[in-house]
Amino acid sequence: MTNFVASGLLAVFAGALVAVLAFVPFVAISYRRRGGLTVWRTLLWVGAAVYFWAIWTYTLIPLPDSQVYTCAGVNLQPLAFVDDIRSAVAVSGRYLTDPVVLQVALNVVLFAPLGFFLRVLGGRGIVVAGLAGLLASGLIETTQLTGVWGLFPCAYRVFDVDDLIANTSGALLGSLLAFAVPAQHRGAERAPDAEEPRPVTRRRRLLGIVCDVVGTWLLGFAVATGVQAVLVLLRSDAASSSAYGIASTAGTLAAATAWLLVVLVTGRSIGDIATRVRFTNGVLPVWAARPLRFLTGAGAYTVLAALPAPWSYAAIALALATVALVFVWRDGRGLTGWIGRRRLVDDRAGVVSPTVDSTAETR
């Protein structure tokens with residue numbers, strides 16, 4: 001039971017990590033292929049990420065203790081589990097709860113989500129689901145047979161051809177079960193109305209803000225980690241506070257610079273681009289409006305948050321003001337719209353003539 005829980009927690013952690021890393025591209029792709037983002041599809045993709053890791057954690061972990069290592073056997077006889085079930089049930093009298101029966105059932109259930117996700121998220125049918133189940137199961141069984149490709153001297157789990165049969169059957173079953181999902185929620189094809197403009201809502205604006213925050217943090221962390229790695233190679237005091245400060249500053253500057261360049265070139269932040277929104281012209285000229293977009297967004301927040309107290313308190317004030325003002329207008333235009341008297345519109349709506357709109361629409 002302990003190993004079961006540990007494998008599950010590891011899969012959830014790895015899946016969540018992948019979801020965070022892919023968050024901004026996922027939002028951007030969703031708005032371009034599906035026209036928007038729904039909670040249902042988001043949960044499905046997160047579930048798929050967790051499931052991908054669960055396949056490996058539950059089939060390969062825990063790794064054996066090298067001190068008490070023993071080689072496992074091989075079963076190359078198809079459908080041998082039928083005789084095993086008959087023998088086990090004859091002794092226990094339990095058709096549904098016997099361990100042998102449960103083992104086969106779990107092998108089927110473990111691969112059912114594969115076929116389900118392939119149809120619902122990928123738009124692939126039962127043939128692809130069966131082939132994917134067979135290939136994935138074959139890769140897992142081969143990894144076990146080879147002792148993780150030579151990491152161990154021999155197989156540490158039984159290579160069982162019946163597992164290939166059960167896993168493939170599970171993928172086929174999952175593909176069939178996916179028909180229960182309405183057709184409009186299945187498939188990876190581009191939605192026919194993907195290029196039709198949609199209302200800019202507060203929820204959509206908050207999603208763009210989250211994209212900016214996550215994006216700046218990930219880029220800053222990646223650069224800081226890379227700089228720290230270089231310092232480890234070049235300096236003996238790479239673990240000192242000064243070295244950490246250098247790496248942290250480099251990450252902050254890299255993230256802020258990237259966001260500044262994007263805003264100056266496009267007039268929009270990464271979050272705006274991902275969620276397909278843009279600001280209309282207001283009372284400010286372009287040369288002033290674009291720097292304002294940066295100074296009221298995640299790039300400026302990143303710089304302010306890196307400053308020592310009490311200057312860093314300005315980052316908190318900026319964040320609170322940004323979120324609070326999102327709820328003042330229906331389109332969530334926030335500080336940028338308030339100061340520059342600009343509205344937020346869908347970028348698929350075409351060119352909008354210069355507008356001065358200072359009316360706060362509340363509801």
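Quick note: the coordinates plus some simple rules give every number you see, no bench work behind them. Everything numeric in this text was worked out from a predicted model, so none of it was measured. Virtual Cβ from ideal backbone geometry, glycine too; neighbours counted across all protein chains shown.
Data table
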| quantity | calculated |
| --- | --- |
| Proximal charge balance of Ala288 [Cβ under 15 Å; K/R count +1, D/E count -1] | +4 |
| Other-chain or far-sequence residues with amide H under 5 Å of Asn75's (modelled H) | Phe159, Asp160, Val161 |
| Choice from Asn107, Asn281, Asn75 showing the highest fluctuation, given a GNM over the chain with Cα pairs closer than 10 Å | Asn75 |
| Positive minus negative residues near Ile339 (Lys, Arg vs Asp, Glu; Cβ under 12 Å) | +4 |
| Modelled label reach - Trp40, point 7 Å along Cα→Cβ, the stretch 178-216 residues with backbone N closer than 17 Å | 178-194 |
| Theoretical FRET efficiency, 1/(1+(r/R0)^6), r = Cβ-Cβ of Phe13 and Val323, R0 35 Å, to 0.05 | 0.80 |
| Two-site label geometry, Ala6 and Leu76: point separation in nm, points 7 Å out along Cα→Cβ | 3.4 nm |
| Exposure proxy order (Cβ contacts within 10 Å, fewest to most) of Ser269, Ser87 | Ser87, Ser269 |
| Inverse of mean 1/r across different Cα pairs in the chain, Kirkwood, Å | 24.5 Å |
| Centre separation in Å (Cα based) which lies between the stretch 246-280 and the stretch 124-173 | 44 Å |
| Scaled radius of gyration (Cα, divided by 2.2 N^0.38 Å) that the stretch 202-349 gives | 1.15 |
| Convex hull volume of the stretch 2-185 per residue (C-alpha atoms, cubic angstrom) | 147 Å³ |
| Candidates Ala309, Ala16, Ala112: whichever shows maximal mean-square fluctuation once the chain is modelled as a Gaussian network with Cα springs under 10 Å | Ala309 |
| Dipole axis of the chain (+1 Lys, Arg; -1 Asp, Glu on Cβ), positive-most option in Gln144, Leu260, Thr280 | Thr280 |
| Highest-first arrangement of 328-335, 36-43, 92-99, where packing means the average Cβ count within 10 Å | 328-335, 36-43, 92-99 |
